[in-house]
Amino acid sequence: MRKGIRAIGVSCLLALTMGNLAVTAMAAPAPAERYLHVKVDDASKGESVNVNVPLAMAQAILPTINKGTLHNGHVTIGDTDFNGVDVRALLDAIRTAPDNEFVTVKEKDQDVRVAKSNGNLIVHVLDKSKDGEKVDVTIPMKVVDALFSTVKDNQLDVAAAIRALSDAGDAVLVTVQDATEHVRIWIDSHSSSE
Amino acid sequence: MVLLGKVALGIAGTALAGIGLICSEGMIEVNVVEKQPEAHHVYVLAPAMLLPITMHFIPSRNLGRAAAEVKPWIPTIRAALEQLRAGEDVTLVEVREPGQHVLVTKTGGSVVVDVTDEDEIVHVSAPIRAIESTVEQVAAASPETQD
């Protein structure tokens, strides 16, 4: 009799555990894998290149690379690259400012626009010369913040930026269009660029 | 007669288990088809487990240079392969040019490379585990490691 009760008890415990596991599994589905896509189309040559990198892979790889200016996911930049501009202070000012257009340059052969809109840093360049190159860059401010989240002034934290990108929603980051070439860089949860 | 049957069964069972073990890491597939008039066709299907085993028999002095070059990148390769193995199937790289198409994908547990051009069609498929083992062995052949 006692054995029977014990068996029933163990069975109930087992059933409860299994039920708990099932509920946990149903409640927390694995997050969809995120991908960084790069697509280059050259209509004049009939060429196209597609690269799809799982962001998890990029996150894992970056800290392991120690070559040139890249060490442990940080890129060291020479002082000359910033031309004496305090980029951190500049970004801090942009971050705290409301949505606005910060720079608008209209020249005979080029238009440049830098703005902040809906939590994104937007850079738009239009080259009015023969090729008519058009560049659009949209970077979530969180990614920009992560990029400059290192302690050292002359370093960019690329690994942190990739982590921030993984948490950001689907977005087109860069498009470059000229007379023949079209470059597109974006992130989403699709494993192919189609 | 019964004893002979038992021995035969034992041998067959051992052979089957051996084949199963050898094939457990998947298969490496290489398929090359030339499109020229005198077309050659090369097809190799080999158990992936043989690749790291074969590496044992290559004298380390012959692997020295490759090992020295690959060694600094071992953590990177290891991390990449680990993530690749754990991740979903993905088209990693696709290049299209007039007359040429290159496709590098992760399919199942393998890395698959397909190249199609005007002269030939090449298909190579290798299990990620086998690539990992092989790279580790190449790295282990580095002169620094042996000291």
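Taking the residues in the stretch A:105-150 that are small (G, A, S) and under 17 Å from A:S166 (Cβ atoms) as candidates, determine which candidate is surrounded by the most Cβ atoms within 10 Å (Cβ to Cβ).
Ranking the qualifying residues of the stretch A:105-150, first place goes to A:A146.
Here are some conditions: (1) β-branched (V, I, T); (2) part of a helix (DSSP H, G or I); (3) at pLDDT 85 or above. B:I22 meets all but one. Which one does it not meet?
The one condition B:I22 does not meet is (3).
I need a count of the residues in the stretch A:158-189 that are surrounded by 15 or more Cβ atoms within 10 Å (Cβ to Cβ) and not in a strand (DSSP E or B).
11
With the structure loaded, tell me whether B:V42 is among the β-branched types (V, I, T) and in contact with a strand residue (DSSP E or B) (Cβ under 8 Å, 6 or more places away or on another chain) or whether it fails that test. Before the answer, list the steps.
Values: among the β-branched types (V, I, T): yes; in contact with a strand residue (DSSP E or B) (Cβ under 8 Å, 6 or more places away or on another chain): yes.
Criteria met by B:V42.
Within the stretch B:74-87, is there a residue that is surrounded by fewer than 17 Cβ atoms within 10 Å (Cβ to Cβ), of a type in the set (G, A, S) and either in contact with a helix residue (DSSP H, G or I) (Cβ under 7 Å, 6 or more places away or on another chain) or under 30 Å from A:H190 (Cα atoms) (or both)? Please lay out each step first, then the result.
Step one: filter the stretch B:74-87 for residues surrounded by fewer than 17 Cβ atoms within 10 Å (Cβ to Cβ), giving B:75, B:82, B:85-87.
In the following step, the residues that additionally are of a type in the set (G, A, S) were identified as B:86-87.
Of the ones still in play, those that are also either in contact with a helix residue (DSSP H, G or I) (Cβ under 7 Å, 6 or more places away or on another chain) or under 30 Å from A:H190 (Cα atoms) (or both) are B:86-87.
Yes, the conditions are met somewhere in the stretch B:74-87.
Is the stretch B:49-67 home to any residue that is touching a residue at least 60 places away in the same chain (Cβ under 8 Å), touching a strand residue (DSSP E or B) at 6+ places or on another chain (Cβ under 6 Å) and part of a loop (DSSP other than H, G, I, E, B)?
Among the residues of the stretch B:49-67, not one is touching a residue at least 60 places away in the same chain (Cβ under 8 Å), touching a strand residue (DSSP E or B) at 6+ places or on another chain (Cβ under 6 Å) and part of a loop (DSSP other than H, G, I, E, B), which makes the answer no.
Under 7 Å between Cβ atoms, at least 6 apart or on separate chains: pull out the pairs that start in the stretch B:76-99 with a residue that is at negative phi and end on any residue that is in a helix (DSSP H, G or I) and among the charged types (D, E, K, R).
Pairs found: B:L81/B:E132.
As an exercise: evaluate A:W186 against (1) within 14 Å of chain B (Cβ to nearest Cβ); (2) out of contact with any Gly (no Cβ under 8 Å at 6 or more places or on another chain) and give the number of the one condition it does not meet.
(1)
Would you please name the residue that is farthest from the other protein chains (Cβ to nearest Cβ), looking only at residues in the stretch B:48-72 that are of a type in the set (A, V, I, L, M, F, W, C) and within 30 Å of A:L70 (Cα to Cα)? Break it down into steps so the answer makes sense when it comes.
At the first step, the residues of the stretch B:48-72 found to be of a type in the set (A, V, I, L, M, F, W, C) are B:48-51, B:53, B:55, B:57-58, B:63, B:66-68, B:70.
Now drop any that are not within 30 Å of A:L70 (Cα to Cα), which leaves B:63, B:66-68, B:70.
Working: B:L63: 22, B:A66: 18, B:A67: 18, B:A68: 15, B:V70: 13 Å.
Result: B:L63.
Does any residue of the stretch A:95-104 turn out to be in contact (Cβ under 8 Å) with a residue 40 or more places away in the chain, farther than 20 Å from A:T175 by Cα and under 22 Å from the mean Cα position of the chain (by Cα)? I'd like the intermediate steps shown before the answer.
So the first thing to find is which residues in the stretch A:95-104 are in contact (Cβ under 8 Å) with a residue 40 or more places away in the chain, and the list is A:95.
Restricting the remaining residues to those that are farther than 20 Å from A:T175 by Cα gives A:95.
With under 22 Å from the mean Cα position of the chain (by Cα) added as a condition, the list becomes A:95.
Yes, the stretch A:95-104 contains a residue that is in contact (Cβ under 8 Å) with a residue 40 or more places away in the chain, farther than 20 Å from A:T175 by Cα and under 22 Å from the mean Cα position of the chain (by Cα).
Yes or no, residue by residue, for (1) without any contact (Cβ under 8 Å) to a residue 24 or more places away in the chain; (2) more than 10 Å from chain B (Cβ to nearest Cβ); (3) among the charged types (D, E, K, R):
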| position | (1), (2), (3) |
| --- | --- |
| A:R34 | no, yes, yes |
| A:K39 | no, no, yes |
| A:A43 | no, yes, no |
| A:G46 | yes, no, no |
| A:N50 | no, no, no |
| A:V53 | yes, no, no |
| A:A58 | no, no, no |
| A:I65 | yes, no, no |
| A:G68 | yes, yes, no |
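Would you check which residues across the stretch B:102-115 are more than 10 Å from chain A (Cβ to nearest Cβ), touching a strand residue (DSSP E or B) at 6+ places or on another chain (Cβ under 7 Å) and not small (G, A, S) and list them?
Within the stretch B:102-115, B:V111, B:V112, B:V113, B:D114, B:V115 meet the criteria.
In the same structural domain as A:S166 (by TED's automatic domain parsing) and at pLDDT 90 or above: is that true of A:D131 in this structure?
no
Quick one: which of B:V30, B:V44 is under 22 Å from B:G108 (Cα atoms), in contact (Cβ under 8 Å) with a residue 40 or more places away in the chain and either in contact with a Cys (Cβ under 9 Å, 6 or more places away or on another chain) or part of a strand (DSSP E or B) (or both)?
B:V30
Within the stretch B:73-96, take every residue that is assigned to a helix (DSSP H, G or I) and touching a strand residue (DSSP E or B) at 6+ places or on another chain (Cβ under 8 Å) and give me the one that is farthest from the other protein chains (Cβ to nearest Cβ).
It comes out as B:L84.
The values are calculated or read from the model by the stated rules, or taken from the named source; none is laboratory data. For clarity, every value in this text was computed on a predicted model and none was experimentally measured. Backbone-built Cβ (ideal geometry, glycine too); neighbour counts: all protein chains shown.
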